[in-house]
Structures are given as C-alpha cells and as structure tokens.
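Reading through the structure tokens given below for one structure.
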Amino acid sequence: MAGASYYIVWQRRTDAPMWETKVVETSALSASFPGVRADDWLFGVSAVSATGAQSPVASAVPGGQFAPLPKP
C-alpha cells in the first residue's frame, strides 16, 4: 500500500469473532509461517503509516463472518 511504513499480520481462530494475535510486524510485502496449519487460522493484514495511523484489517474472509467457510 502506498504510504505504508510497515504491515501487521494478524491471526484468529476460524471460530473467533475478532482478530486475536499480532503475528508479525514487517515492511516486507510477503510473509510465510512454516508449520502453521492454515485450516486452524484466518490471517489478515493491516497497514501502518509513518504517523502510526493503522488501516482496518484486510482479509480474504469478510469481517464478521462466523459461519464455516464454504468448500471450494
């Protein structure tokens, strides 16, 4: 994102209503988490500006979705 100083990767359980844990803060445009079962977690990213303003968490799952994810 233009103007972002760094990014925060968040995680939450698939049945949790809110983002629970900051996994990493990084200026990189990609991150990997070897050994983490993707079936157990949802991940999202927020951008942080130089002044500390933080964007809402963006994720592949719509905010507030509590139902199980549909099968592909």
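The values are calculated or read from the model by the stated rules, or taken from the named source; none is laboratory data. Since the structure is predicted, the reported quantities are computational estimates derived from the model, not experimental observations. For neighbour counting, all protein chains shown are included, and Cβ atoms are generated from backbone atoms with ideal geometry for every residue, glycine included.
Take Val48 and decide whether it is at pLDDT 90 or above and under 10 Å from the mean Cα position of the chain (by Cα). So Val48 fails the test. Of everything in the stretch 35-56, what is assigned to a loop (DSSP other than H, G, I, E, B) and surrounded by 13 or more Cβ atoms within 10 Å (Cβ to Cβ)? Give them in sequence order. Hit for the stretch 35-56 is Ser55, nothing else.
Here Gln11 clears all of (1) assigned to a loop (DSSP other than H, G, I, E, B); (2) crowded, with 18+ Cβ neighbours inside 10 Å; (3) not charged (D, E, K, R) except the condition numbered (1). The residue pairs whose first member lies in the stretch 17-28 and is surrounded by 12 or more Cβ atoms within 10 Å (Cβ to Cβ) and assigned to a loop (DSSP other than H, G, I, E, B), whose second member is among the aliphatic types (A, V, I, L, M) and modelled with pLDDT under 90, and whose beta carbons are closer than 9 Å, counting only pairs six or more residues apart or on different chains, are Trp19/Leu42. Only a single item in (1) modelled with pLDDT of 85 or more; (2) loosely packed, with under 10 Cβ neighbours inside 10 Å is not met by Lys71, and it is number (1).
Listed by first and then second residue, the pairs linking a residue in the stretch 34-63 that is within 20 Å of Tyr6 (Cα to Cα) and in contact (Cβ under 8 Å) with a residue 12 or more places away in the chain to a residue that is part of a loop (DSSP other than H, G, I, E, B) and aromatic (Phe, Trp, Tyr), with Cβ atoms under 7 Å apart and 6 or more places separating them unless they lie on different chains, are Gly44/Trp19; Val57/Trp19. The set of residues from the stretch 57-68 being modelled with pLDDT under 90 and either not small (Gly, Ala, Ser) or not in a loop (DSSP other than H, G, I, E, B) (or both) comprises Ala58, Ser59, Val61, Pro62, Gln65, Phe66, Pro68.
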